[in-house]
Amino acid sequence: MIEAHSLTKRYGERIAVDDLSFTVRPGTVTGFLGPNGAGKSTTMRMLLGLDAPTSGRAVVNGRSYAEHRAPLHEVGAMLEARAVHTGRSAYHHLLALAATHGIPSRRVNEMIDLVGLRAVARKRVGGFSLGMGQRLGIAAALLGDPATVILDEPVNGLDPEGILWIRNLLKALAAEGRTVLVSSHLMSEMALTAEHLIVIGRGRLIADTSVAEFTARAAGDLVRVRTDQAERLRGLLSGPDVTVTAQEDGVLLVTGLSSERIGRIAAGSGVALAELTPQRASLEEAFMELTRDAVEYQAPAAQLVGAGGEGRTA
């Protein structure tokens, strides 16, 4: 389990993390999301004892990282996959890490096979592609068979097969009862991998909820209705706090009423419905909506699209 208690980190006058509290529980893949500059990397560094908080406390499996006698067995982390001596081979990099904790060499070989690096295990890391470096970083994180795993952007540089592999790996780790915290900018991938989300902006907590609740919160109570009596139903649904918008023939978008209430009104008036669907925002749409005021770095709209559809400045 990972616990952040009122974590605050200041760099001079700038507050990178501001009184942040959350808990990451075992058995679930938890996505750690936020716009650029939100404080995600700083928070993960404090969880791992790499940065000291200005105030507050970070606890992993009941202790601060520095208090663990054999941290690789407790917490496996990948914050920067390429932070490896480029002259070493993948095998000797993992072997050196294993030696610090008395981990047998057979575990090194197991991890090399797990991440699919057997063919290049004896080659120098300096010649690795970004995706190969990511795989090596994940192998290092799992080397000590830790109860808690913290990964920052693990799918960077991976091809579609690699992305599917890491998705299934993370789910399998959670299914074994491990605590899994994953930071990513790929909303589509987080929607397929994570069950729970911790979202921050400008160093503060925005949401600590399930993926389903997060997307529902952004979508509100929008309901899509299709019927061959659209105009009649539109009149039946009208009210001071209800908005009904006609789409293509026979389709209405309704806000201000639940799908259950709409169904009852239609049934009570003899209006047959062909479709009654509560709308759900995608994770990307929900993220954009709920972090809109927390975006620190945002290009002016005029710079985003220029002549020919290409981004260019005036």
> Hey, what number do you get for the chain at 222 nm if only DSSP H runs of n ≥ 4 count, each worth -39500 (n - 2.57), divided across all residues, to the nearest 500?
Replying inline: -9500 deg cm²/dmol
>> If you average the alpha carbon positions of the range 7-26 and of the range 205-260, how far apart do those two centres end up, in angstrom?
In response: 37
> Given the range 120-226, what whole percent of its Cα pairs are spread farther than 24 Å?
Replying inline: 36
> Can you tell which of Thr215, Thr23, Thr148 shows the greatest fluctuation in a Gaussian network model of the chain with Cα springs below 10 Å?
Replying inline: Thr23
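When DSSP assigns beta bridges and you keep just the ones with both residues in the chain, what percent turn out antiparallel, to the nearest 5? Intermediate values should be presented prior to the final figure.
Numbers: 33 of 50 bridges.
The antiparallel fraction comes to roughly 65 percent.
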>> Treating only the Cα positions of the chain as identical point scatterers, give the base-10 log of I(q)/I(0) from the Debye formula at each q in 0.08, 0.09 Å⁻¹.
In response: -0.49, -0.60
> How high is the relative contact order of the range 63-202, given as a whole-number percent (alpha carbon pairs under 8 Å, six or more residues apart)?
Replying inline: 28
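Express in nm, to one decimal, how much length is gained between Thr54 and Ala272 on full extension, taking 0.36 nm for each residue of separation and deducting their alpha carbon distance.
Values: separation 218, 0.36 × 218 = 78.48 nm, distance 6.16 nm.
Going from the current span to full extension adds 72.3 nm.
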>> Cut-off under 30 Å on the C-alpha distance; same-chain residues fewer than 8 positions from Lys9 excluded. Which lysines are left, in chain and number order?
In response: Lys40
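Over the chain, what is the mean sequence separation of C-alpha contacts under 8 Å (at least six apart), divided by residue count, expressed as relative contact order in percent? Can you show the working numbers first?
Working: 616 pairs, mean separation 63.7, N = 314.
It comes to 20 percent, rounded to a whole number.
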> For the chain, modelled as a Gaussian network with Cα springs under 10 Å, which listed residue fluctuates most, Asp241, Asp19, Asp208?
Replying inline: Asp241
>> Quick check: pseudo-label points 7 Å beyond the Cα along Cα→Cβ at Asn109 and Ser282, how many nm apart are they?
In response: 4.5
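From the P(r) of the range 223-278, can you give the percent of Cα pairs sitting at distances over 13 Å?
Numbers: 769 of 1540 pairs.
Percent of Cα pairs beyond 13 Å in the range 223-278: 50.
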> Per 5 Å bin, what is the whole-percent P(r) computed from every C-alpha pair distance within the range 57-142?
Replying inline: 3, 15, 25, 23, 16, 10, 6, 2, 0
>> Explain nothing, just the number: relative contact order of the range 223-278, from Cα pairs under 8 Å at least 6 residues apart, as a whole percent.
In response: 50
>> Please report the net charge: other residues with Cβ closer than 12 Å to the Cβ of Arg226, K and R +1, D and E -1.
In response: -3
> Within the range 1-41, which trypsin sites (Lys or Arg not before Pro) sit in a loop by DSSP and count at most 16 neighbouring Cβ atoms inside 10 Å?
Replying inline: none
> When we measure straight from the Cα of Lys171, which aspartates and glutamates land under 14 angstrom away, once same-chain ones fewer than 8 places off are left out?
Replying inline: Glu189, Glu195
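Read-outs: derived from the displayed coordinates by stated rules, not from any lab. Just so we're clear, the structure is a prediction, and the values are computed from it rather than from any experiment. So basically every Cβ, Gly included, is an ideal-geometry build from the backbone, and we count neighbours across all protein chains shown.
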